[in-house]
Ligand SMILES: *Cc1c(COP(=O)(O)O)cnc(C)c1O
């Protein structure tokens, strides 16, 4: 028999992750998808490295961050962490990216979810080329045309993807969206569906591009997103607890 002492926080996290995995299974089975098609990204932004360690020990391997500095700090701690050496976690950049910080990312992130302009893609291409890396990116789409959100409109995707496809050190892997905030996840179904349909039409237009990913769905609406075809869901507060941006 094994006795382990877990912190209360870790016990809570364990339960929450079990609930999310259960919900993923159910959402997949409702639409005849395999749960293996859905990557659960733990959004660890603003949380300490110890939260990543806990989630990692509970089977989460991919983490979403929205600040370059936080990725650099956590990446460094991860490299010193012998428990993670054999199978290091993957970092995903999911936040608005400033061009002057792109140079810190080659080698540290497996996927950039939030490419919202051609000029940003050009900087990513240049900085990743310098270090001989290929950047895997998702194109951010502002499906609902909210003023507060970045991303391309659906109507301009084809033209912009054609421009970005010319860049040699970028691989366009799919689309990402941040759906409107709502108390009723069902309201975001048309948003998720529109993103999936946009991906389908891009796949037809650009058969040589590796367009496969749909990064959509967060703590409040990931089940609907899965039913509409999400391949990556980004779950933060439900796993890690509420974020406190005022923290000292
Ligand atoms: C913070 C964030 C999330 C996670 O949001 P929760 O509602 O806490 O799950 C997902 N995606 C992006 C782009 C984010 O910035």
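The values are calculated or read from the model by the stated rules, or taken from the named source; none is laboratory data. It should be emphasised that the depicted structure is a prediction, and the values quoted were computed from it without experimental measurement. Note: ideal-geometry Cβ built from the backbone for every residue, glycine included; neighbour counts use all protein chains shown.
Regarding residue 83, is this residue under 17 Å from residue 134 (Cα atoms) and more than 14 Å from the chain's Cα centre (by Cα)? No; evaluated as a whole, the condition is false for this residue.
Condition check for residue 45 on (1) modelled with pLDDT of 95 or more; (2) in a loop (DSSP other than H, G, I, E, B); (3) more than 30 Å from residue 122 (Cβ to Cβ): one failure, at (3).
Taken over segment 161-213, the residue count meeting the criterion of being modelled with pLDDT under 95 and either at positive phi or more than 19 Å from the chain's Cα centre (by Cα) (or both) is 2.
Working carefully through the options 31, 12, 68, 20, find the one that is exposed (fewer than 13 other Cβ atoms within 10 Å of the Cβ) and either touching a residue at least 40 places away in the same chain (Cβ under 8 Å) or in contact with a strand residue (DSSP E or B) (Cβ under 8 Å, 6 or more places away or on another chain) (or both). So that I can check it myself, show each step before the final result.
Details: 12 fails: exposed (fewer than 13 other Cβ atoms within 10 Å of the Cβ); 68 fails: exposed (fewer than 13 other Cβ atoms within 10 Å of the Cβ); 20 fails: exposed (fewer than 13 other Cβ atoms within 10 Å of the Cβ).
Among 31, 12, 68, 20, only 31 is exposed (fewer than 13 other Cβ atoms within 10 Å of the Cβ) and either touching a residue at least 40 places away in the same chain (Cβ under 8 Å) or in contact with a strand residue (DSSP E or B) (Cβ under 8 Å, 6 or more places away or on another chain) (or both).
Name the residues in segment 194-229 that are in a loop (DSSP other than H, G, I, E, B), surrounded by 14 or more Cβ atoms within 10 Å (Cβ to Cβ) and away from the ligand (no atom under 12 Å from the Cβ), would you? So that I can check it myself, show each step before the final result.
First, pick out the residues of segment 194-229 that are in a loop (DSSP other than H, G, I, E, B): 206-212, 216-221, 228-229.
Next, only the ones that are surrounded by 14 or more Cβ atoms within 10 Å (Cβ to Cβ) stay: 206, 209, 211, 216-221, 228-229.
The answer is 206, 209, 211, 228, 229.
Between 108, 99, 67, 103, the distinction of being touching a helix residue (DSSP H, G or I) at 6+ places or on another chain (Cβ under 8 Å) and within 22 Å of residue 51 (Cα to Cα) belongs to 108 only. When you look at residue 157, is it touching a strand residue (DSSP E or B) at 6+ places or on another chain (Cβ under 8 Å) and in contact (Cβ under 8 Å) with a residue 60 or more places away in the chain, yes or no? Judged against the criteria, residue 157 is not a match.
Right, residue 191: within 16 Å of the ligand (Cβ to nearest atom), touching a helix residue (DSSP H, G or I) at 6+ places or on another chain (Cβ under 6 Å) and not in a loop (DSSP other than H, G, I, E, B) or not? Quick ask: steps written out before the conclusion?
On the way: within 16 Å of the ligand (Cβ to nearest atom): yes; touching a helix residue (DSSP H, G or I) at 6+ places or on another chain (Cβ under 6 Å): no; not in a loop (DSSP other than H, G, I, E, B): yes.
Here the answer is no, as residue 191 does not meet what is asked.
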